Amino acid sequence: AELLNTYHGLLARACKLYNGQIDKYYGDGVLVLFGLPRQDEEHAFHALCAALLFHQLALRFGETRGPDQSLQLRLSLHTGGLLAAILGAEQAQFTVLGDALNLVMRLVTVAGNDEIVLSRELAELPELRQRVATVAHRNVLIKGRTEPTPTYRLAGLTAPYDELLAGQVQHLLGLFRVLIKG
């Protein structure tokens, strides 16, 4: 539990920097939303940046802790419409529903260790093409869909965004080490 809380702390910082909202924890999994509750025209790019930042923070933090104190991460990202509502009769909670949620939850199962997998819908957004580097991953059969779904692996950000992200990694690791020791 302590190890997961440490990684959740890294995730929370990455999400906060990029306007992400942690929605739910599912055991060792986490659902993070971008563009909710406030509209964010850059939500797709912010989600990719937060995923890369968290991924790099987690890898670097894991290197300092040894193999028994590191996690193998599998991340997936998708964009699409969701129904966001408060549901529940006696214990009402904010939740999201829809095909976009179903797809992102299934895509995480096709990610390899320490990979970030993107849906085609996200990877091919015109506003991301000049800022993000992707590599074709594989076509996968997703439950509930008749055609194979193409996926991409997030390779990184292009310049100058990659340098900015590297600086954020260094800064946050320094802060995090201080917090852990304090």
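The set of residues in segment 128-146 that are over 21 Å from Arg74 (Cα atoms), part of a loop (DSSP other than H, G, I, E, B) and either of a type outside the set (D, E, K, R) or out of contact with any strand residue (DSSP E or B) (no Cβ under 9 Å at 6 or more places or on another chain) (or both) comprises Arg129, Gln130, Gly144, Arg145, Thr146. Only residues that are more than 13 Å from the chain's Cα centre (by Cα), open to solvent by 40 Å² or more (accessible area, probe 1.4 Å) and not small (Gly, Ala, Ser) were counted in segment 26-59, giving 9. Could you look through segment 136-163, keep only residues that are β-branched (Val, Ile, Thr) and surrounded by 12 or more Cβ atoms within 10 Å (Cβ to Cβ), and pick out the one that is modelled with the lowest pLDDT? Filtering first and then ranking leaves Ile142.
Could you check, for segment 57-79, whether at least one of its residues is within 23 Å of Ala123 (Cβ to Cβ), touching a helix residue (DSSP H, G or I) at 6+ places or on another chain (Cβ under 7 Å) and among the hydroxyl-bearing types (Ser, Thr, Tyr)? The answer is yes; a qualifying residue exists.
Just one of the numbered conditions (1) in contact with a Phe, Trp or Tyr (Cβ under 7 Å, 6 or more places away or on another chain); (2) modelled with pLDDT under 85; (3) assigned to a helix (DSSP H, G or I) is not true of Gly62: (1).
The values are calculated or read from the model by the stated rules, or taken from the named source; none is laboratory data. Note that the structure is predicted; figures quoted are calculated from it, not measured. Cβ sites come from the backbone with ideal geometry, for glycine too, and all protein chains shown count toward neighbours. Side chains included, ligands, DNA and RNA excluded: accessible areas come from the protein's heavy atoms. Shrake-Rupley method; radii C 1.70, N 1.55, O 1.52, S 1.80 Å.
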